[in-house]
1. Take the conditions surrounded by fewer than 17 Cβ atoms within 10 Å (Cβ to Cβ) and among the hydrophobic types (A, V, I, L, M, F, W, C) and apply them to Ala150. Does it pass?
2. Does Ala229 satisfy being more than 25 Å from Leu156 (Cβ to Cβ), open to solvent by 50 Å² or more (accessible area, probe 1.4 Å) and assigned to a helix (DSSP H, G or I)?
3. Limited to the stretch 232-247, what total is found for residues that are open to solvent by 60 Å² or more (accessible area, probe 1.4 Å) and within 34 Å of the chain's Cα centre (by Cα)?
4. Tell me yes or no: at least one residue of the stretch 208-222 is surrounded by 13 or more Cβ atoms within 10 Å (Cβ to Cβ), modelled with pLDDT of 85 or more and assigned to a helix (DSSP H, G or I).
5. Which numbered condition in (1) loosely packed, with under 11 Cβ neighbours inside 10 Å; (2) assigned to a helix (DSSP H, G or I) is the only one that Ala51 fails?
6. Return the residues of the stretch 13-28 that are farther than 17 Å from Ile69 by Cβ and either of a type in the set (A, V, I, L, M) or crowded, with 18+ Cβ neighbours inside 10 Å (or both); say none if nothing qualifies.
7. Look through the stretch 29-48, keep the residues that are under 27 Å from Asp81 (Cβ atoms) and free of Cβ contacts under 8 Å to residues at least 24 places away in the same chain, and return whichever of them is surrounded by the most Cβ atoms within 10 Å (Cβ to Cβ).
8. Looking at Leu195, Leu181, can you tell me which residue is at pLDDT 90 or above, at negative phi, in a helix (DSSP H, G or I) and surrounded by fewer than 20 Cβ atoms within 10 Å (Cβ to Cβ)?
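The values are calculated or read from the model by the stated rules, or taken from the named source; none is laboratory data. Everything quoted here is computed from the prediction, not taken from an experiment. Please note: Cβ atoms are built from the backbone with ideal geometry, for glycine as well, and neighbour counts cover all protein chains shown. When the accessible area is computed, the model is the full protein with side chains, heavy atoms only, and any ligands, DNA or RNA have been set aside. Shrake-Rupley method; radii C 1.70, N 1.55, O 1.52, S 1.80 Å.
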Amino acid sequence: MDDNELYPIGDVARRTGLNVSAIRYYSDAEIVAPTRVTDAGHRLYDIRAIARLELIRTLRDLDAGLDDIRRLLDGETSLHDLLAAHLEIVERQERGLRARRAVLRTLVKQGGTADQAALMRKLVSMPDEERERLIDDFWNEVGEGLDVPAGFVERLRTMRPRLPEDPTLTQLEAWIELADLVQGEEFRNAVRSYLQDTYSTFPGRDMAATPVQDFIYGTGTAIMEEIMAEYRSGLPADSPRAQELVVRMADAAAGVAGRQATAESRERLATAYLMAEQFQREEREETTRYDATHGRYLSLVAVINETPPDTGEEFAGVSAWMAAALRASVRPDG
(Lines give C-alpha, C1' and ligand atoms only; values in the text may rest on other atoms or scores of the structure.)
Protein backbone atom coordinates (compact mmCIF):
# COMPACT_ATOMS: atom_id res chain seq x y z
CA MET A 1 0.00 0.00 0.00
CA ASP A 2 1.23 3.49 -0.88
CA ASP A 3 1.63 5.81 2.12
CA ASN A 4 0.20 8.71 0.13
CA GLU A 5 -2.51 6.89 -1.75
CA LEU A 6 -6.14 7.34 -0.77
CA TYR A 7 -8.56 4.43 -0.98
CA PRO A 8 -12.33 4.50 -1.51
CA ILE A 9 -14.56 3.04 1.18
CA GLY A 10 -15.18 -0.18 -0.78
CA ASP A 11 -11.45 -0.95 -0.90
CA VAL A 12 -11.16 -0.11 2.80
CA ALA A 13 -13.98 -2.53 3.59
CA ARG A 14 -12.22 -5.33 1.70
CA ARG A 15 -8.87 -4.62 3.39
CA THR A 16 -10.22 -4.34 6.96
CA GLY A 17 -13.01 -6.90 6.85
CA LEU A 18 -15.45 -4.26 8.08
CA ASN A 19 -18.60 -3.64 6.11
CA VAL A 20 -19.18 -0.27 4.51
CA SER A 21 -21.94 0.70 6.92
CA ALA A 22 -19.65 0.08 9.90
CA ILE A 23 -16.91 2.29 8.39
CA ARG A 24 -19.47 5.02 7.82
CA TYR A 25 -20.68 4.63 11.40
CA TYR A 26 -17.16 5.07 12.81
CA SER A 27 -16.79 8.16 10.64
CA ASP A 28 -20.11 9.69 11.73
CA ALA A 29 -19.28 8.88 15.36
CA GLU A 30 -15.97 10.73 14.90
CA ILE A 31 -13.94 7.68 15.87
CA VAL A 32 -12.07 7.35 12.55
CA ALA A 33 -12.72 10.20 10.14
CA PRO A 34 -11.97 9.77 6.43
CA THR A 35 -8.73 11.35 5.30
CA ARG A 36 -10.61 13.31 2.65
CA VAL A 37 -14.14 13.66 1.34
CA THR A 38 -14.53 14.38 -2.36
CA ASP A 39 -16.80 17.07 -3.76
CA ALA A 40 -19.17 14.27 -4.66
CA GLY A 41 -19.25 13.16 -1.00
CA HIS A 42 -17.11 10.03 -1.40
CA ARG A 43 -14.97 9.15 1.64
CA LEU A 44 -11.30 8.36 1.05
CA TYR A 45 -8.88 6.81 3.56
CA ASP A 46 -5.10 6.66 3.78
CA ILE A 47 -3.15 3.73 5.24
CA ARG A 48 -3.03 5.30 8.71
CA ALA A 49 -6.81 5.52 8.85
CA ILE A 50 -7.07 1.97 7.53
CA ALA A 51 -4.70 0.77 10.27
CA ARG A 52 -6.92 2.43 12.88
CA LEU A 53 -9.96 0.73 11.41
CA GLU A 54 -8.17 -2.64 11.49
CA LEU A 55 -7.34 -2.04 15.15
CA ILE A 56 -10.97 -1.20 15.86
CA ARG A 57 -12.11 -4.41 14.20
CA THR A 58 -9.64 -6.45 16.29
CA LEU A 59 -10.75 -4.80 19.52
CA ARG A 60 -14.43 -5.15 18.64
CA ASP A 61 -13.85 -8.86 17.95
CA LEU A 62 -12.55 -8.97 21.53
CA ASP A 63 -15.77 -7.23 22.68
CA ALA A 64 -14.02 -3.99 23.64
CA GLY A 65 -16.48 -1.10 24.06
CA LEU A 66 -16.57 1.88 21.69
CA ASP A 67 -15.96 4.36 24.49
CA ASP A 68 -12.76 2.52 25.47
CA ILE A 69 -11.67 2.39 21.82
CA ARG A 70 -12.32 6.12 21.43
CA ARG A 71 -10.21 6.84 24.52
CA LEU A 72 -7.39 4.73 23.09
CA LEU A 73 -7.44 6.47 19.71
CA ASP A 74 -7.60 9.87 21.43
CA GLY A 75 -4.50 9.02 23.46
CA GLU A 76 -6.32 8.98 26.80
CA THR A 77 -5.25 5.40 27.52
CA SER A 78 -2.65 2.96 26.24
CA LEU A 79 -3.28 -0.23 24.29
CA HIS A 80 -1.69 -2.21 27.13
CA ASP A 81 -4.03 -0.71 29.73
CA LEU A 82 -7.06 -1.23 27.51
CA LEU A 83 -6.19 -4.87 26.83
CA ALA A 84 -5.37 -5.53 30.50
CA ALA A 85 -8.70 -4.09 31.62
CA HIS A 86 -10.57 -6.04 28.98
CA LEU A 87 -8.71 -9.24 29.86
CA GLU A 88 -9.91 -8.87 33.45
CA ILE A 89 -13.50 -8.53 32.21
CA VAL A 90 -13.19 -11.57 29.93
CA GLU A 91 -11.68 -13.69 32.72
CA ARG A 92 -14.48 -12.66 35.05
CA GLN A 93 -17.03 -13.62 32.40
CA GLU A 94 -15.23 -16.93 31.87
CA ARG A 95 -15.41 -17.73 35.59
CA GLY A 96 -19.11 -16.91 35.54
CA LEU A 97 -19.73 -19.18 32.55
CA ARG A 98 -17.75 -21.96 34.17
CA ALA A 99 -19.86 -21.65 37.30
CA ARG A 100 -23.07 -21.79 35.26
CA ARG A 101 -21.80 -24.82 33.40
CA ALA A 102 -21.05 -26.59 36.68
CA VAL A 103 -24.56 -25.84 37.93
CA LEU A 104 -26.18 -27.00 34.69
CA ARG A 105 -24.13 -30.21 34.54
CA THR A 106 -25.00 -31.03 38.14
CA LEU A 107 -28.68 -30.31 37.57
CA VAL A 108 -28.73 -32.48 34.43
CA LYS A 109 -27.10 -35.35 36.32
CA GLN A 110 -29.51 -35.05 39.24
CA GLY A 111 -32.61 -34.04 37.32
CA GLY A 112 -32.79 -30.98 39.55
CA THR A 113 -35.63 -28.57 40.19
CA ALA A 114 -35.77 -24.78 39.89
CA ASP A 115 -35.21 -24.48 43.65
CA GLN A 116 -32.10 -26.66 43.40
CA ALA A 117 -30.83 -24.53 40.52
CA ALA A 118 -31.14 -21.38 42.63
CA LEU A 119 -29.39 -23.08 45.55
CA MET A 120 -26.50 -24.35 43.41
CA ARG A 121 -26.04 -20.94 41.80
CA LYS A 122 -25.76 -19.49 45.29
CA LEU A 123 -23.22 -22.15 46.29
CA VAL A 124 -20.81 -21.44 43.42
CA SER A 125 -20.97 -17.67 43.97
CA MET A 126 -20.64 -17.94 47.75
CA PRO A 127 -17.88 -15.73 49.24
CA ASP A 128 -15.01 -17.33 51.14
CA GLU A 129 -16.41 -16.28 54.54
CA GLU A 130 -19.69 -18.09 53.89
CA ARG A 131 -17.89 -21.21 52.67
CA GLU A 132 -15.81 -21.25 55.85
CA ARG A 133 -18.92 -20.80 57.98
CA LEU A 134 -20.67 -23.64 56.18
CA ILE A 135 -17.83 -26.05 56.92
CA ASP A 136 -17.53 -24.82 60.51
CA ASP A 137 -21.25 -25.41 61.06
CA PHE A 138 -20.83 -28.93 59.72
CA TRP A 139 -17.97 -29.81 62.07
CA ASN A 140 -19.61 -28.07 65.03
CA GLU A 141 -22.63 -30.35 64.71
CA VAL A 142 -20.67 -33.50 63.85
CA GLY A 143 -18.21 -32.99 66.70
CA GLU A 144 -20.63 -31.96 69.45
CA GLY A 145 -20.42 -34.55 72.24
CA LEU A 146 -18.47 -36.99 70.05
CA ASP A 147 -16.65 -39.54 72.24
CA VAL A 148 -13.21 -39.38 70.62
CA PRO A 149 -9.81 -38.24 71.94
CA ALA A 150 -9.52 -34.55 72.75
CA GLY A 151 -8.39 -32.46 69.80
CA PHE A 152 -9.25 -35.08 67.17
CA VAL A 153 -12.27 -33.23 65.82
CA GLU A 154 -10.21 -30.04 65.61
CA ARG A 155 -7.67 -32.01 63.58
CA LEU A 156 -10.43 -33.20 61.25
CA ARG A 157 -11.75 -29.63 60.97
CA THR A 158 -8.47 -28.50 59.39
CA MET A 159 -9.12 -30.79 56.43
CA ARG A 160 -11.39 -28.34 54.64
CA PRO A 161 -11.99 -27.15 51.08
CA ARG A 162 -10.10 -24.15 49.71
CA LEU A 163 -11.82 -23.21 46.46
CA PRO A 164 -9.34 -21.15 44.40
CA GLU A 165 -10.20 -17.80 42.86
CA ASP A 166 -10.25 -19.36 39.40
CA PRO A 167 -11.60 -22.90 39.95
CA THR A 168 -11.84 -25.55 37.28
CA LEU A 169 -15.16 -27.09 36.30
CA THR A 170 -14.22 -30.24 38.24
CA GLN A 171 -13.49 -28.22 41.37
CA LEU A 172 -16.79 -26.36 41.08
CA GLU A 173 -18.75 -29.57 40.67
CA ALA A 174 -16.99 -31.07 43.70
CA TRP A 175 -17.76 -27.96 45.76
CA ILE A 176 -21.45 -28.04 44.77
CA GLU A 177 -21.69 -31.67 45.88
CA LEU A 178 -19.76 -31.10 49.10
CA ALA A 179 -21.70 -27.97 50.07
CA ASP A 180 -24.97 -29.78 49.43
CA LEU A 181 -23.86 -32.77 51.52
CA VAL A 182 -22.58 -30.90 54.58
CA GLN A 183 -25.85 -28.99 54.87
CA GLY A 184 -27.86 -32.22 54.98
CA GLU A 185 -28.88 -33.64 58.35
CA GLU A 186 -28.66 -37.21 57.07
CA PHE A 187 -25.04 -36.81 55.93
CA ARG A 188 -24.03 -35.06 59.17
CA ASN A 189 -25.51 -37.87 61.24
CA ALA A 190 -23.85 -40.52 59.06
CA VAL A 191 -20.39 -38.92 59.41
CA ARG A 192 -20.89 -38.50 63.14
CA SER A 193 -21.93 -42.14 63.52
CA TYR A 194 -18.96 -43.36 61.47
CA LEU A 195 -16.44 -41.33 63.50
CA GLN A 196 -18.01 -42.41 66.79
CA ASP A 197 -17.92 -46.10 65.89
CA THR A 198 -14.40 -45.94 64.44
CA TYR A 199 -12.49 -43.73 66.88
CA SER A 200 -14.22 -44.13 70.23
CA THR A 201 -12.82 -47.62 70.90
CA PHE A 202 -9.53 -49.48 70.46
CA PRO A 203 -7.59 -49.44 68.15
CA GLY A 204 -9.03 -46.36 66.46
CA ARG A 205 -9.04 -44.39 69.69
CA ASP A 206 -5.29 -44.89 70.10
CA MET A 207 -4.66 -43.81 66.51
CA ALA A 208 -6.71 -40.63 67.10
CA ALA A 209 -4.82 -39.70 70.28
CA THR A 210 -3.07 -36.33 70.18
CA PRO A 211 0.56 -37.59 70.47
CA VAL A 212 0.02 -40.01 67.57
CA GLN A 213 -1.72 -37.38 65.45
CA ASP A 214 0.94 -34.77 66.25
CA PHE A 215 3.63 -37.18 65.17
CA ILE A 216 1.83 -38.20 61.97
CA TYR A 217 1.07 -34.63 60.88
CA GLY A 218 3.93 -32.78 62.58
CA THR A 219 7.26 -34.00 63.85
CA GLY A 220 7.11 -37.27 61.93
CA THR A 221 6.19 -35.80 58.55
CA ALA A 222 9.72 -35.55 57.12
CA ILE A 223 10.83 -39.04 58.11
CA MET A 224 7.50 -40.50 56.95
CA GLU A 225 8.02 -38.90 53.53
CA GLU A 226 11.38 -40.68 53.30
CA ILE A 227 9.80 -43.94 54.37
CA MET A 228 6.97 -43.59 51.84
CA ALA A 229 9.46 -42.87 49.06
CA GLU A 230 11.48 -46.00 49.84
CA TYR A 231 8.35 -48.13 50.27
CA ARG A 232 7.03 -46.99 46.88
CA SER A 233 10.41 -47.71 45.31
CA GLY A 234 10.09 -51.37 46.31
CA LEU A 235 12.93 -51.33 48.86
CA PRO A 236 12.90 -54.60 50.87
CA ALA A 237 11.68 -54.10 54.43
CA ASP A 238 14.66 -55.98 55.89
CA SER A 239 17.27 -53.93 54.00
CA PRO A 240 19.74 -51.79 56.00
CA ARG A 241 18.25 -48.60 54.55
CA ALA A 242 14.71 -49.57 55.57
CA GLN A 243 15.88 -50.48 59.08
CA GLU A 244 17.78 -47.21 59.41
CA LEU A 245 14.66 -45.23 58.48
CA VAL A 246 12.29 -47.01 60.86
CA VAL A 247 14.79 -46.76 63.73
CA ARG A 248 14.95 -42.99 63.14
CA MET A 249 11.17 -42.91 63.03
CA ALA A 250 10.94 -44.90 66.28
CA ASP A 251 13.45 -42.56 67.96
CA ALA A 252 11.41 -39.53 66.86
CA ALA A 253 8.14 -41.10 68.03
CA ALA A 254 9.65 -41.95 71.42
CA GLY A 255 10.97 -38.41 71.72
CA VAL A 256 7.45 -37.02 71.33
CA ALA A 257 6.44 -39.02 74.40
CA GLY A 258 9.60 -37.95 76.26
CA ARG A 259 11.07 -41.44 76.24
CA GLN A 260 14.13 -43.16 74.83
CA ALA A 261 13.59 -45.73 72.07
CA THR A 262 14.70 -49.29 72.87
CA ALA A 263 14.58 -52.64 71.14
CA GLU A 264 11.50 -53.47 73.22
CA SER A 265 9.75 -50.22 72.26
CA ARG A 266 10.52 -50.86 68.58
CA GLU A 267 8.97 -54.32 68.94
CA ARG A 268 5.87 -52.76 70.52
CA LEU A 269 5.75 -50.21 67.71
CA ALA A 270 5.95 -53.00 65.14
CA THR A 271 3.00 -54.68 66.83
CA ALA A 272 1.10 -51.38 66.77
CA TYR A 273 1.71 -51.01 63.04
CA LEU A 274 0.52 -54.55 62.39
CA MET A 275 -2.60 -53.75 64.39
CA ALA A 276 -3.04 -50.57 62.35
CA GLU A 277 -2.70 -52.62 59.17
CA GLN A 278 -5.29 -55.08 60.49
CA PHE A 279 -7.54 -52.17 61.50
CA GLN A 280 -7.27 -50.70 58.03
CA ARG A 281 -8.03 -54.04 56.41
CA GLU A 282 -11.09 -54.53 58.60
CA GLU A 283 -12.15 -50.98 57.87
CA ARG A 284 -11.97 -51.71 54.14
CA GLU A 285 -14.58 -54.39 54.73
CA GLU A 286 -16.88 -51.44 55.53
CA THR A 287 -15.71 -49.46 52.51
CA THR A 288 -19.25 -48.63 51.48
CA ARG A 289 -19.91 -46.90 54.78
CA TYR A 290 -16.63 -45.00 54.77
CA ASP A 291 -16.99 -43.93 51.13
CA ALA A 292 -20.48 -42.61 51.83
CA THR A 293 -19.48 -40.61 54.92
CA HIS A 294 -16.11 -39.25 56.02
CA GLY A 295 -14.39 -40.75 53.01
CA ARG A 296 -16.70 -38.89 50.65
CA TYR A 297 -16.03 -35.65 52.48
CA LEU A 298 -12.25 -36.15 52.24
CA SER A 299 -12.32 -37.19 48.57
CA LEU A 300 -14.30 -34.08 47.58
CA VAL A 301 -11.96 -31.85 49.61
CA ALA A 302 -9.03 -33.48 47.80
CA VAL A 303 -10.60 -32.67 44.41
CA ILE A 304 -11.30 -29.06 45.40
CA ASN A 305 -7.82 -28.55 46.86
CA GLU A 306 -6.14 -30.53 44.06
CA THR A 307 -4.35 -32.75 46.56
CA PRO A 308 -3.97 -36.52 46.26
CA PRO A 309 -6.57 -38.34 48.37
CA ASP A 310 -5.45 -40.67 51.14
CA THR A 311 -5.56 -44.28 50.06
CA GLY A 312 -6.29 -46.89 52.72
CA GLU A 313 -4.66 -49.59 50.63
CA GLU A 314 -1.30 -47.81 50.64
CA PHE A 315 -1.57 -47.06 54.36
CA ALA A 316 -2.10 -50.74 55.11
CA GLY A 317 0.83 -51.73 52.89
CA VAL A 318 3.31 -49.29 54.38
CA SER A 319 2.19 -50.21 57.92
CA ALA A 320 3.05 -53.85 57.28
CA TRP A 321 6.34 -52.79 55.64
CA MET A 322 7.34 -50.67 58.65
CA ALA A 323 6.41 -53.45 61.06
CA ALA A 324 8.65 -55.86 59.16
CA ALA A 325 11.52 -53.34 59.07
CA LEU A 326 11.17 -52.65 62.80
CA ARG A 327 11.25 -56.35 63.63
CA ALA A 328 14.27 -56.81 61.38
CA SER A 329 16.03 -54.04 63.33
CA VAL A 330 15.60 -55.82 66.67
CA ARG A 331 16.81 -59.21 65.45
CA PRO A 332 20.34 -60.09 66.57
CA ASP A 333 21.53 -59.85 62.97
CA GLY A 334 19.46 -56.69 62.31
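1. Yes: the conditions hold for Ala150.
2. yes
3. 2
4. no
5. Result: Ala51 passes all but (1).
6. Once the filter is applied, which keeps residues that are farther than 17 Å from Ile69 by Cβ and either of a type in the set (A, V, I, L, M) or crowded, with 18+ Cβ neighbours inside 10 Å (or both), the stretch 13-28 yields Ala13, Val20.
7. Restricting to residues being under 27 Å from Asp81 (Cβ atoms) and free of Cβ contacts under 8 Å to residues at least 24 places away in the same chain, the top hit is Ala33.
8. Of the residues listed, the single one that is at pLDDT 90 or above, at negative phi, in a helix (DSSP H, G or I) and surrounded by fewer than 20 Cβ atoms within 10 Å (Cβ to Cβ) is Leu181.
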